[in-house]
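The values are calculated or read from the model by the stated rules, or taken from the named source; none is laboratory data. Everything numeric here is computed off the predicted structure, so don't read it as measured data. Don't worry about glycine lacking a Cβ; one is built from the backbone with ideal geometry, like all the others, and counts go over all protein chains shown. Heavy atoms of the whole protein, side chains included, go into the accessibility calculation; ligands, DNA and RNA do not. Shrake-Rupley method; radii C 1.70, N 1.55, O 1.52, S 1.80 Å.
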Amino acid sequence: MSSGLPIESLRAALRQAAQHTRRLVIQAPTGSGKSTQIPQYLIDDALVGDGQVVVLQPRRLATRLLATRVAHERNVKLGDAVGYQVRFEDVSSPRTRIKFETEGIILRQWLSDPQLKHVSAIVFDEFHERHLYADIALARALHLQQTVRPDLMLVVMSATLDIDPLCDYLGPGSVALTASGRQYPVDIQYIDESVGDRTDAIVEAAVRVCDRLIRQTDRGDVLIFMPGAFEIQRTVRALQSADASRDCLILPLHGELPPHEQDAAVGPSSKRKIIVSTNVAETSLTIDGIELVIDSGWARVPRFDPHRSINTLFLERISRASADQRAGRAGRTAPGTCVRLWTEREHQERALHEVPEINRLDLAEATLGLSAAGLPDPLALPWFECPPARALTQAQRLLGDLGALAEDGSITDLGRLMAQFPVHPRYARMLIAARDFGCVRQVALVCALTQGRSIWATRGRTPGQRAPRERFGEAADSDFFAQMRAWSYAVRHRFDVRRCREAGVHAAAARQIDQVYRAFLRLAESHGFALEARAGDDAALCRCVLVGFADHVCRRRGTGTLQCDVAHGRRGMLVRDSIVQDAPLLVATEIDEIQTGREHEVRLSNMTRVEADWLTELLPHAMHEQLDIRYDVATKQVIQEIHYQYHDLILATRPGGAPAADAAAHLLADEVERGRIVLRHWDAQVEAWLARVNFLADFGADYGFSAIGPTERRLLIEQICLGCTRMKEVAQKPVWPVIHAWLPTGLLPVLKKEAPERLAIAGTRTFRLHYPEQGTPYFEARIQELFGVKSIPMIGFGHVQPLVHILAPNQRPVQITQDLAGFWLHHYPGIRQELKRRYPKHAWPERGEIA
Ligand code: ADP
Ligand code: MG
């Protein structure tokens, strides 16, 4: 039977390609029939084995709707030959041949069936969305196909994909099939004035534009894109009270709605429809009859939140590529109109494409999943785009902190258990601890509280009103207790906006927290965890927070300060408004890095008090003893201590006995070099001696002389310090024994001869020789002391003729020379006249009388 859809044109080509390849890329515009038809072709044309055709979907909502549609087309009962599976819901049976499922599901199935024996084909639908799990699934599927499942058919589909990189990735054997669809022109309009990012303003603008559009024309249904359930609800309510839309059917469409409401939105209607949807209607679903699109330009995007080190949803501006997809929805059945709720200038500032999840998400959960599947090295997989190395390292460190990976990177039993939970490993760890401590309900609520936005209302508090934390939190061991009370309050008042606002509680946030809380409870229950509290004491909860945020442990730097050291070499300041008072050791669930001008401030908030004993008990893998040896400036000595540490946080310290002599000498030598310890006996004579040795280093290498540079000096100082621990001892230490011992035995006489301390001249007189660092050694002599001397003896194994500084009676040099004979002959007669005039009382013999 022909469906009449554009994808029909590819059916023959698909049949042919399947005869020689197991890797297909299919590109066709949204609405062409990819999602509903391709899986059917694979089965009906017998292109794959008789296992399942698994169709991976990025969204739960589309998963169910597509399965329903295909079951309907094939006239079978949903869950029989055609089924679907999403988190918490499995509508399939062993007879199911076409199974739609979300990307996370197949990764879980992989855990129990590593070769995916029951699967004949995997269809990666909407691959352009580049969800992290789709990337992982494709890399693993390719790996599987390359190793043990060459028969496994892989089909990668997308409306917008740039197919060349994908074909390159899949290799020369892959085949790409492209179909063009029907697309009518869409008139794209921008608004003149920016609406900003406040929900109220966005909703108001959407309603205003909708009003105008449905007045302008009476044909075509309207599709309004809003970021999430909350904004959709607001828009629907506003539209219901608007004039023009009175005769229309106003329908929300998002994943949290009950199925019959979702069906209503995509189903046919006799009235004109206004559908207010998340980006599920962007490419995943096709709703017939849409001719008018209003795009808020926003989406809820999962992204790594460095404050809590988890992935969470952020409200973000969609890219231009996404906006084009949304606009295209207006032109499927007739020419259409799309109004963008942003200005044309703002459009130019938008990103071209979305950043793939693999580049913006925390990879801890994914890494744990791969480890549990026996793939501890993620980089060994054939990725379409490699995960960033930094994110992988971070993920592995966190998994180590949580006890899921051992030091060698292998998965632990705890890690294996954690991997069974389809939540971030932090929450898996906390729930497992909660089971052990009997506080599952409380911990499920804490998990929910950390995951969404804050339960505290920041806007709309009237002056003089008590801060919410004051109202809900008398001093306690965790800020979560105040938040839990606030949540109970909201539940008690049925999330009533007015009552909540009065109490400083954000009603919508509380409602969302409530939903997440219930999801966590369902998850715990599905693993057979008892929900009744056993322990019920506050400490049990605090312990669970500790194991879930083991990398966020803080130690106060002292009593009365808000400054803390945070595990892994970080530092930060506690916020003041915590209800946890004076705890020396805490977990800060939130770590905010704030850039204030040039300052970089780290703010720690959402505190829970923990005990050092708990660290030892619950996180033994991170505890260790560290020997610390250092020079203590206060007591002026080297001391040795043993620190009991949690990672790099010091929890306790005890004396560590006598330090090793060489380590102590090393530290003392540092102090000497810094000038904080002075060696009394290291005087000018020592320096002169070293200078003589250095002089001989140039000529006496054959004898065993070598230069004493900075490194050798350092060794000499360390030797002098050896055996000491206190500054006092070092300062008094004799240095000559060490200095002398530096020269190899037997060289001392050679030094005395070839680099003499004093130079003997004409048999009687001796002069002190100076050995400058650069240049020739020299001595100083008054001119009268040199009468009768015609030459200077050589030193340095006969290589060096020392210089003489010839001094007048006033000690000023009149000449510097090596050549005394020449001096007497050429210079002395002139100098003599001058000296005779200035020093008439001295005797100044003629040249002939001297030489
Ligand atoms: P693609 O995956 O290429 O975007 P689909 O296979 O999802 O296309 O849809 C193909 C066509 O099937 C749509 O244009 C629409 O007309 C029809 N269709 C799909 N799902 C439904 C549904 N749940 N109800 C009614 N029609 C549907
Ligand atoms: Mg599709």
Is the stretch 695-851 best put as rounded, prolate or oblate by its Cα gyration tensor, with a ≥ b ≥ c the root eigenvalues, rounded for a/c under 1.5, and otherwise prolate when a/b is larger than b/c, oblate when not? prolate
Could you give the distance between the Cα centres of the stretch 2-69 and the stretch 722-784, to the whole Å? 93 Å
Show me, bin by bin at 10 Å from 0, the whole-percent P(r) of the stretch 462-592 based on Cα pairs. 11, 32, 35, 20, 2
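If a/c stays under 1.5 just call it rounded; otherwise compare a/b with b/c (prolate if a/b is bigger, oblate if not). Do that for the stretch 13-163, with a ≥ b ≥ c from the square roots of the Cα gyration tensor eigenvalues. All intermediate terms of the calculation are to be shown ahead of the outcome.
Details: a/c = 1.17, a/b = 1.09, b/c = 1.08.
Rounded, since a/c falls under 1.5.
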Under 30 Å from the Cα of LYS271 - lysines, other chains or at least 8 residues apart: LYS34, LYS77
Would you rank MET727, MET794 by solvent-accessible area, highest first, keeping every protein chain in place and using a 1.4 Å probe? MET794, MET727
So if I average 1/r over every pair of distinct C-alpha atoms in the stretch 272-343 and take the inverse, what Kirkwood radius in Å does that give? 13.4 Å
I need the calculated FRET efficiency for the pair HIS347 and THR776, taking r as the beta carbon distance and R₀ as 60 Å, to the nearest 0.05. 0.15
Distance in Å, no decimals, from the C-alpha centre of the stretch 809-847 to the one of the stretch 379-432 is 89 Å
Residues of the stretch 793-823 with amide nitrogen under 13 Å from the 7 Å Cα-to-Cβ point of TYR703? 795-800
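Please give the FRET efficiency for ARG320 paired with ILE629, using the beta carbon to beta carbon distance and R0 = 60 Å, rounded to the nearest 0.05.
Once the sixth-power term is evaluated, E becomes 0.50.
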Charge context of ARG59, other residues only, Cβ under 13 angstrom, K/R +1, D/E -1: -3
Can you give me the C-alpha center-to-center distance between the stretch 509-545 and the stretch 119-190, rounded to a whole angstrom? 39 Å
So if each residue of separation counts as 0.36 nm, and I subtract the Cα-Cα distance between GLN515 and ARG571, what length gain in nm does that give? 16.7 nm
Under the rule rounded for a/c under 1.5, else prolate if a/b exceeds b/c, else oblate, using alpha carbon gyration tensor axes a ≥ b ≥ c, the stretch 41-81 is classed as oblate
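Could you tell me the calculated FRET efficiency between ALA334 and ASN359, based on Cβ-Cβ distance and R0 = 22 angstrom, to the nearest 0.05?
Computed FRET efficiency for ALA334 and ASN359 comes out at 0.05.
Could you sort ASP537, ASP662, ASP218 by accessible area so the largest value comes first, with the probe set to 1.4 Å?
Working: ASP537 70, ASP662 105, ASP218 130 Å².
In descending accessible area the options line up as ASP218, ASP662, ASP537.
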Quick check: residue separation of LEU715 and LYS753 times 0.36 nm, minus the Cα distance between them. What number comes out in nm? 11.1 nm
Stretched fully, the stretch from ARG303 through ASP168 gains (0.36 nm per residue minus C-alpha distance, one decimal, in nm) 45.8 nm
